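Report on the structure given below.
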Amino acid sequence: MTTTVYNFSAGPAMLPSSVLQHVQAELLNYQSCGISIMEMSHRDPRFLKIMAHMESSIRTLLNVPDDYSVLFFTAPARAQFSMLPMNLLGDKKAVDYFNTGLWSSVAIAEAKRYANVNIVSDSTSNQFTDIAEPSIWNLNPDAAYCHYTDNESVHGLEFNRVPETGNVPLISDMTSNLFTREFELSRFGMVYAGAQKNIGPAGLTVAIIRDDLLNRASSLTPRSFNYGIMKTEKSIDYTPATFTYYVTSLVLQWLIDQGGVASISQRNTAKSTLLYEFIDNSDFYVNPVTAAYRSRMNVPFMLKEPDLENIFLEQAENAGLLGLKGHRVLGGMRASIYNAMPIEGVTTLIEFMADFAKSRS
Ligand SMILES: *Cc1c(COP(=O)(O)O)cnc(C)c1O
């Protein structure tokens, strides 16, 4: 008997199985050309077509306005933590950052190497379980930009609206929730996301940037980190992670075939609502995050008896439920339920959690 496996890993994360099957089918012989896509020049028209398809899919999925550019970097999401001040500071000195979790904190530490960082709002005092009301935010109207992490993948904290920052360009790290719900891109100076959570395999970061922000880079910016140069060179100034880009283009097509962001967003809300309702109604599991800011993507939860964590994880693995161990800074468990996770994965997890709680009480 084989058990269906569900992968709750936070990233690299599960991919749609139809995409993996597609990759497998043409791995050795890409579109009858006799070689693998991995072995092809990044300047080959067939690869350029993949890049064009990635861009047009993103424009369709997010209704990208004409005065925004889509850039692709073969670099980690966190490379943007340095690229942002290098490219956007211009002749200003100060930048605004929200601190709502681990990834915000890492971004802030990096920005401090280049600029004076003003913290707009700090969730440290509530252990990153809540976000302060806008009335007490400390925004600097003269900041070069304002940065926030839309979904904190470790703490399971997600903004439920776009912060209002006046004329200061708003920048968002959407690594773990881009393409999971609709939003108005024109409210942003730039959004970016590493691929490995929700978009494709590791090795790619997507950035969508308003064109007036493209050419402010400091002269010390490495050329492969320079937004203006990446735009001019159509994101192939260097050899990109071609295989990753190819798989990503298939995931983007899968998203379009699912009915786009509006319909995937409904499914995501249905999945996370089921899981939070189960946790809240149980006296065995807890999630500490304020209900209004709970992440639809990453659901951390603790066992009320922490001694049972290892046995929980072991039995979960035996039941085909993988990747549930929490991030090392937070401990506990975490279920990452990105776009590719079917609702059956969530209901199977809930059944397992209910059975486990019953067997221990
Ligand atoms: C995973 C993650 C990152 C880090 O991604 P890298 O590609 O490893 O740098 C940054 N921000 C958020 C919100 C993440 O979830």
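The values are calculated or read from the model by the stated rules, or taken from the named source; none is laboratory data. Remember, predicted model here, so these are calculated numbers, not experimental data. Quick reminder, even Gly has a Cβ in these numbers, built from the backbone with ideal geometry, and neighbours come from all protein chains shown. The area values use the complete protein model at the heavy-atom level, side chains included, leaving out ligands, DNA and RNA. Shrake-Rupley method; radii C 1.70, N 1.55, O 1.52, S 1.80 Å.
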Residue, nearest to the ligand (Cβ to nearest atom), within region 132-157, restricted to residues that are of a type in the set (A, V, I, L, M, F, W, C) and assigned to a loop (DSSP other than H, G, I, E, B): Val154
Flag for Ile236 being hydrophobic (A, V, I, L, M, F, W, C) and either modelled with pLDDT under 95 or touching a His at 6+ places or on another chain (Cβ under 8 Å) (or both): yes
Which numbered condition Ile108 fails, given (1) touching a helix residue (DSSP H, G or I) at 6+ places or on another chain (Cβ under 9 Å); (2) assigned to a loop (DSSP other than H, G, I, E, B): (2)
Candidate set from region 314-361 (those that are charged (D, E, K, R) and under 25 Å from Leu15 (Cβ atoms)); member that is surrounded by the fewest Cβ atoms within 10 Å (Cβ to Cβ): Arg328
Looking only at region 86-121, and only at residues there that are charged (D, E, K, R) and open to solvent by 10 Å² or more (accessible area, probe 1.4 Å), the one that is farthest from the ligand (Cβ to nearest atom): Asp91
Scan of region 41-85 for residues that are within 16 Å of the ligand (Cβ to nearest atom) and open to solvent by 30 Å² or more (accessible area, probe 1.4 Å), ordered by number: Thr74, Pro76, Arg78
Qualifying positions in region 158-214 - in a loop (DSSP other than H, G, I, E, B), within 11 Å of the ligand (Cβ to nearest atom) and small (Gly, Ala, Ser): Ser176, Ala195, Ala202, Gly203
Scope region 224-264; condition open to solvent by less than 50 Å² (accessible area, probe 1.4 Å), under 20 Å from the mean Cα position of the chain (by Cα) and among the aliphatic types (A, V, I, L, M); matching residues: Ala241, Val247, Leu250, Val251, Leu252, Leu255, Val261, Ala262, Ile264
Residue check, Ala75 touching a Ser or Thr at 6+ places or on another chain (Cβ under 9 Å), at pLDDT 95 or above, in a loop (DSSP other than H, G, I, E, B) and within 30 Å of Arg223 (Cα to Cα): yes
Neighbours by Cβ (under 9 Å, 6+ apart or cross-chain): first from region 126-149, over 17 Å from Tyr293 (Cα atoms); second part of a strand (DSSP E or B) and open to solvent by 50 Å² or more (accessible area, probe 1.4 Å): Asn138/Ile119
